[in-house]
1. From the list 559, 485, exactly one residue is part of a helix (DSSP H, G or I) and modelled with pLDDT of 85 or more. Which is it?
2. Out of curiosity, is residue 367 modelled with pLDDT of 85 or more and over 31 Å from the mean Cα position of the chain (by Cα)?
3. Can you name every one of the helices (runs of 4 or more DSSP H) wholly within the stretch 62-120 that holds 1 or more residues which are modelled with pLDDT of 75 or more, hydroxyl-bearing (Ser, Thr, Tyr) and under 23 Å from residue 285 (Cβ atoms)?
4. Kindly indicate whether residue 394 is surrounded by fewer than 17 Cβ atoms within 10 Å (Cβ to Cβ) and within 21 Å of the chain's Cα centre (by Cα).
5. Can you confirm whether the stretch 191-201 contains a residue that is modelled with pLDDT of 85 or more, farther than 23 Å from residue 272 by Cα and either acidic (Asp, Glu) or in the same structural domain as residue 249 (by the TED database) (or both)?
6. Kindly provide the set of residues from the stretch 495-517 that are surrounded by fewer than 20 Cβ atoms within 10 Å (Cβ to Cβ) and under 14 Å from residue 450 (Cβ atoms), ordered by number.
7. So which residues in the stretch 536-551 are touching a helix residue (DSSP H, G or I) at 6+ places or on another chain (Cβ under 7 Å), under 17 Å from residue 571 (Cα atoms) and assigned to a helix (DSSP H, G or I), if there are any at all?
8. Of all residues in the stretch 509-554, count the ones that are under 38 Å from the mean Cα position of the chain (by Cα) and in contact (Cβ under 8 Å) with a residue 12 or more places away in the chain.
Amino acid sequence: QVIEWLARPLDDFFGSTGIAPCAAPARPPRGSVRGRRQKQRAPSPVAEQSRGTGAPRKRAKPGAADLPCAKPGHSRSQAQEELPWVERYRPATQNDLAVQKKKIEEVETWLKTHIFQRQPKQGGSVLLLTGPPGCGKTATLQILARDLGLQVQEWTNPLSLDFTKEDLRNMFGHDSYFHTFPSQAQAALFQDFLLRANKYNKLQMLGESSENDKKLILIEDIPNQFYRDPGSLHEILRSFVRRSRCPLVFIISDNFSGDSNQRSLFPAEIVEELCIFNISFKPIAPTNMMKVLNRIAAAEASMNRENYALDRTSLELLCRGCSGDIRSAINSLQFSSTKGCSLEKEFWSKKKKSSTIKCEEAGVSKVRKKSKCDTSEDQEIQAIGGKDASIFLFHALGKIIYCKREAVSEAECPQLPAHLSKHHRDTLLIQPEDIVEKSHMSGSMFNLYLHQNYVDFFSDIDDVVRASEYLSTADVLCSNWSTRPVMESCSASVATRGVIHSNTSRAFAHQQGGMGFRPLHKPQWFLINKKYQENCIAAKSLFSSFCLPPECLQTELLPYLAMLANPMRNQAQIAFIQDVGRLPLKRHFGR
């Protein structure tokens, strides 16, 4: 009975059944099942018992009575309706893409140059597509490949399913220690895939033409081993560039926390050595996203599907809440348009009423009214299923340093006493704590970037003194390692608000102009810390006989050894002492 119960669902799951869905199999007599079970009492595996049970099970062809239940056209249309909107409305042409036209042209130019204009003895070339999730990287490449007639061979991380029944018995037996599944290393499989994909064309399916043998290799699902050991990936890429005949395309999605996978997998020296070309995509613009959502909403309305239609205001709010991710926007549109979900309908109506009331009741200027409406909308969008709002690091840093303000009347803003009038400022258009939180960086790390770049935006030395005092106070708040996780947010608040308040040249709204663009730089602390770590390792290896920690060697021992005439005979020790053992008092340091 267990075998009879399992056979039908598994066959239906794998699509190998020949019976119509409405035709139920006839149940055999109870005695026959019991008799067959008694004949099969031999100690054999379950699989052998299922093969030896009675006559082989054959699926009958559907008869005339079964035809009304299995209509191919109806099943196809039903399967199409069950698809998510992201798959159903996948872009088919370049005009359907919401990506910037310039990025599409860059990818198309690179493909034509390295595939159709490739020299006979030219090696392989590597393209790196980066950008936030949902910005159209994969869709752009697939559409261009189809338009150019290119074969796309894509790598997918394999699953370790090549173990046998004997392996399972050994792994989960009484005497086993739960050994890992027998599998092959992903790096070896990846290297073998590149070799085969470069040497052979992909299989020709029904309906595909074999006129063009041009192809490219797409890597979007990078093996996890390369994140732990990027050097193995670099060796594979060096071998590929020397021997390959087709281009290799990597697609990597960025994150907003600063620790990008692109820097770990493709450092600057590897990019320069292998001539890797990088095309960075930007988040989808709200105008382009609005066009896509309008087209999908119109298509759903024309098909007379029973969905809740969203108006233009709701679509605009939905675009603002997805942070440039068009995939997330389409999923949220499908979720919000589902009929029968009264929660969505009530939520949209309440939200639109509340935002309208807030904007109408505010008796302030147009700029202030717009900012209030935008703030309330940003807070309410998150309940739709929108993504967490994120800001790139240097964009967040610019918001703090440029500190845009809006003018307010004396009636709206309370006046300070005469002795505190020098601290009067116009109202900020941002909340510094929210900016630091949306940058997805720790408070101490954000303070490092702020400390590196704030001086170039000050015009008075007294303002620089006050800002440096606030930064010093913020540094003291994070000095104790035991309270650092708790005080980090307070430290970032003191540093950001202190720098903003200290800059008197940008204290009022009418002083916002005239600054111009000024580049931002990463902190020199990274280079100094790297040099310090290298010095610690060198001091520990060169002066191991003194049995002192690296810090004591560099601050207590080496300065005294540098005062001696000939302290060491080892040239490496002498060179290290001359570099570290004395302070360069006559050398002028840059900031």
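The values are calculated or read from the model by the stated rules, or taken from the named source; none is laboratory data. Just so we're clear, the structure is a prediction, and the values are computed from it rather than from any experiment. Every residue, glycine as well, gets a Cβ built from its backbone with ideal geometry; the counts of neighbours run over all protein chains shown. With ligands, DNA and RNA removed, areas are computed over all heavy atoms of the protein, side chains included. Shrake-Rupley method; radii C 1.70, N 1.55, O 1.52, S 1.80 Å.
1. Working: 559 fails: modelled with pLDDT of 85 or more.
Only one candidate qualifies: 485.
2. Working: modelled with pLDDT of 85 or more: no; over 31 Å from the mean Cα position of the chain (by Cα): yes.
Against the criterion (modelled with pLDDT of 85 or more and over 31 Å from the mean Cα position of the chain (by Cα)), residue 367 does not qualify.
3. Working: elements: 72-82, 85-88, 101-111.
By residue number, 101-111.
4. Working: surrounded by fewer than 17 Cβ atoms within 10 Å (Cβ to Cβ): yes; within 21 Å of the chain's Cα centre (by Cα): yes.
Spelling it out, residue 394 is indeed surrounded by fewer than 17 Cβ atoms within 10 Å (Cβ to Cβ) and within 21 Å of the chain's Cα centre (by Cα).
5. Taking every residue of the stretch 191-201 in turn, at least one turns out to be modelled with pLDDT of 85 or more, farther than 23 Å from residue 272 by Cα and either acidic (Asp, Glu) or in the same structural domain as residue 249 (by the TED database) (or both).
6. Quick first cut of the stretch 495-517, residues surrounded by fewer than 20 Cβ atoms within 10 Å (Cβ to Cβ) only: 497, 501, 504-505, 507-517.
Those that are surrounded by fewer than 20 Cβ atoms within 10 Å (Cβ to Cβ) and under 14 Å from residue 450 (Cβ atoms): 497, 501.
7. From the stretch 536-551, those touching a helix residue (DSSP H, G or I) at 6+ places or on another chain (Cβ under 7 Å) are 536, 538-540, 542-543, 546, 548, 550; that's our starting set.
Subset that is under 17 Å from residue 571 (Cα atoms): 538-540, 542-543.
The answer is 538, 539, 540, 542.
8. 14
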